[in-house]
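Read-outs throughout are calculated quantities, based only on the coordinates presented, and are distinct from any laboratory measurement. Note that this is a predicted model, so its numbers are computed, not measured. Cβ atoms come from the backbone with ideal geometry, glycine included; neighbour counts cover every protein chain shown.
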Amino acid sequence: MKEELIIAGFGGQGVLSMGRILAYSGIMQDKEVTWMPSYGPEMRGGTANVTVIISDKRISSPILQWCDTAIVLNQQSMDKFEPMVKKGGLLLYDPNGIIRHPTRKDIKVCSIEAADLSNRMEMSKAFNMVVLGAYLKVKPILEKENVIKGLKKSLPERYHNLIPMNEQAIELGMRHVKEVI
Amino acid sequence: MAEKLLKKGNEAIALAAIRYGADGYFGYPITPQSEVMETLMEEMPWETTGMVVLQAESETSSINMLYGGACCGKKVMTSSSSPGISLMCEGLSYMAGAELPCLVVNVIRGGPGLGTIQPAQGDYFQAVKGGGHGDYKIIVLAPASVQEMYDFVGLGFDLAFKYRIPTMILSDGAIGQMMEKVELRDPVKRLTDEEIVEKYGDWATVGKPATRNGNIISSLSLAASEMEAINLRLQEKYKTIEENEIRFEKLMCDDADYMLVAFGSSARICESTVEIAREKGIRLGLLRPITLFPFPTPVIQKMTPQLKGIMSVELNSGQMVEDVRLAVNGAVPVEFYGRMGGSIFSPEEVFKAFAEKFKL
């Protein structure tokens, strides 16, 4: 198993931490992982993205030209990363704020109304966990118990009281993800 | 089983320093390596191992604090990124001259000048050929993963003390900022003054016993004949290091017709390029120098007869390629592919360049 994914959105949406939780969950399932953030000037421009690779074997390049999955949370990221998804790969996005929806027919496209759902459930801080849940539903590469372990490892202990809420958010995402194409 | 953590390369450096019994860290913040000192400050090792962590007023100051600490036989280190390392080069030359051990971490960013905060490998010449003045060398280790960032702290200190020489970990913004799985090694205790003498000899200025004369540590020797003798001794030491300390990794080289040479993050990218080439039936291998000084010249020379061509792949304008060409000495074509100023190539891009250069 080797999954190369890019998560991209606005700074503050929890893009980097979602990637981190995913990577830690990979370690909990004895996988090799690499987490590579954008940390340059684009961070100051308001968009953030992270490359996460989870694999059974040693990971070679942390720099990708193509990805298996793109998780897209704003329009700029849609424009940039839709073309990067491998044929037959997955594009998962939150339609909130998206004007130009994905047009490719050679990939699987799924949507999750994560912003809307997390707001309605009064757990907007767990927005990124709703997205994570949606992703894990479509691509069940990791056991849920390992994801919860990864979450525990990623969060400082003072926030461990928030784990049940994050778990709910993951389940919410799992239930509401829709296949578009 | 040892604990496995998800850490950035920079964080791994800090954790390794504490666990390897480092006595002191002196540094000044600069992107993309600020997490080294941030992590040290968070960990507060002065309360556990007694390790000193100090933010100096500048890089010049940091390296001179290393000089002082190293004179006392202490395991001292600093980290910085390219412009900061330039400021430290005077101190590195002094420490090489005075034969002092220390560990310097350079998490390279794009240059020249203040440049950019994105990863690059433009400081190869500075690290390997001597950024400071005079005929000196330092040992240079090039990690390609977060685990190696961790492990090379211990290795770097060991080599530095074994040969009484400054040692550098030459990394870059990609490896520094990237998170991967790190397995922590068993902690090593800091040494007492007595243990320092016992382990490394009595050159350090840890207090003069009645049984010997005082130790004087200096890089100044005004008489030309004395200075030449010191130089000859240094050159002898560098030769010993070249004979004994070459480290490298070979990937798919046994049956290779062509070979890429790349270090650090470039080597990681080239690993994927090798996979792409192999899928197309091209027998491509990768040599990853782990020590940049000593450079794996004999390894390249041994490989050369089976090869039709070599390409050096670097995030600079072509620096290590000079050492590859010296090793090959015209026996086979040596090409170069690189990008600069913080731009990174993808595995596919490297493959395209390789196929074009060798008309495959």
For chain A, what is the relative contact order in percent, using Cα pairs closer than 8 Å and at least 6 residues apart in sequence?
24
Relative to the longest principal axis of the C-alpha atoms of chain B, give the angle of the C-alpha long axis of helix B:146-163, reported between 0 and 90° and rounded to the nearest 10°.
50
Compute the long axis of helix B:347-357 from its Cα atoms, compare it with the longest principal axis of the Cα atoms of chain B, and write down the angle in degrees, 0 to 90, nearest 10.
60
Using Cα pairs closer than 8 Å and at least 6 residues apart in sequence, work out the relative contact order for region B:248-357, in percent.
29
With a ≥ b ≥ c the root eigenvalues of the C-alpha gyration tensor of chain B, is it rounded (a/c under 1.5), prolate (a/b larger than b/c) or oblate?
prolate
I need A:Ile71, B:Ile169, A:Ile99, A:Ile63 ordered by Cβ neighbour count within 10 Å, fewest first.
A:Ile99, A:Ile63, B:Ile169, A:Ile71
Residues B:Cys102, B:Cys253 arranged by fewest to most Cβ contacts within 10 Å:
B:Cys253, B:Cys102
Please compute the alpha carbon radius of gyration of region A:2-179, then divide it by the globular-protein estimate 2.2 N^0.38 Å. Two decimals is fine.
0.95
Compute for the protein assembly as shown: radius of gyration divided by Kirkwood radius, i.e. Rg/Rh, restricted to C-alpha atoms, rounded to two decimals.
1.01
Determine Rg/Rh for region A:1-104; Rg is computed over alpha-carbon atoms and Rh is the Kirkwood hydrodynamic estimate from the same atoms.
0.96
Once a ≥ b ≥ c are taken as the square roots of the eigenvalues of the Cα gyration tensor of region B:4-183, is the result rounded (a/c under 1.5), prolate (a/b larger than b/c) or oblate (a/b not larger than b/c)?
rounded
Test of understanding: ordering A:Phe81, B:Phe293 by Cβ neighbours within 10 Å, fewest first, what list do you get?
A:Phe81, B:Phe293
Can you work out the Karplus-derived ³J(HN,Hα) for every residue in region A:81-92? Use 6.51 cos²θ - 1.76 cosθ + 1.60 with θ = phi - 60°, whole Hz, and x for glycine or proline.
9, 4, x, 7, 6, 4, 3, x, x, 10, 10, 10
Report, in listed order, any pair from A:Lys86/A:Lys137; A:Lys86/B:Lys352; A:Lys125/B:Lys7; B:Lys129/B:Lys162 with a Cα-Cα distance greater than 26 Å.
none
Peptide B:175-184: average number of partner chain Cβ atoms within 10 Å per residue?
5
Give me P(r) over region B:286-341, computed from all C-alpha to C-alpha distances, binned every 10 Å, as integer percentages.
24, 58, 17, 1
How large is the helix-only mean residue ellipticity at 222 nm for chain A, computed as the sum of -39500 (n - 2.57) over DSSP H runs with n ≥ 4, divided by its residue count, in deg cm²/dmol to the nearest 500?
-11000 deg cm²/dmol
Largest-first ellipsoid semi-axes for region B:185-310, taking √(5λ) over the Cα gyration tensor eigenvalues, angstrom
45, 21, 11
Quick one: give the max-minus-min coordinate of the C-alpha atoms of region A:78-181 along each principal axis, largest first, in Å.
43, 28, 23
How large is the convex hull of the C-alpha atoms of region B:247-321 per residue, in Å³?
82
Evaluate the Debye formula for region B:90-133 with equal point scatterers sitting on the alpha carbons, no solvent, and hand back log10 of I(q)/I(0) at q = 0.23, 0.33 Å⁻¹, in q order, two decimals.
-0.86, -1.18
Rounded to the nearest 0.05, FRET efficiency between A:Lys125 and A:Lys178 (Cβ-Cβ, R0 30 Å) equals 0.80
Could you give me the radius of gyration and the Dmax of region A:132-181, taking only the C-alpha atoms into account and expressing both in angstrom?
11.9, 41
Honestly region A:61-119 on the Cα gyration tensor test (a ≥ b ≥ c root eigenvalues; a/c under 1.5 rounded, otherwise a/b vs b/c for prolate or oblate) is just prolate
For chain B, what's the relative contact order in percent, using C-alpha pairs closer than 8 Å and at least 6 residues apart?
18
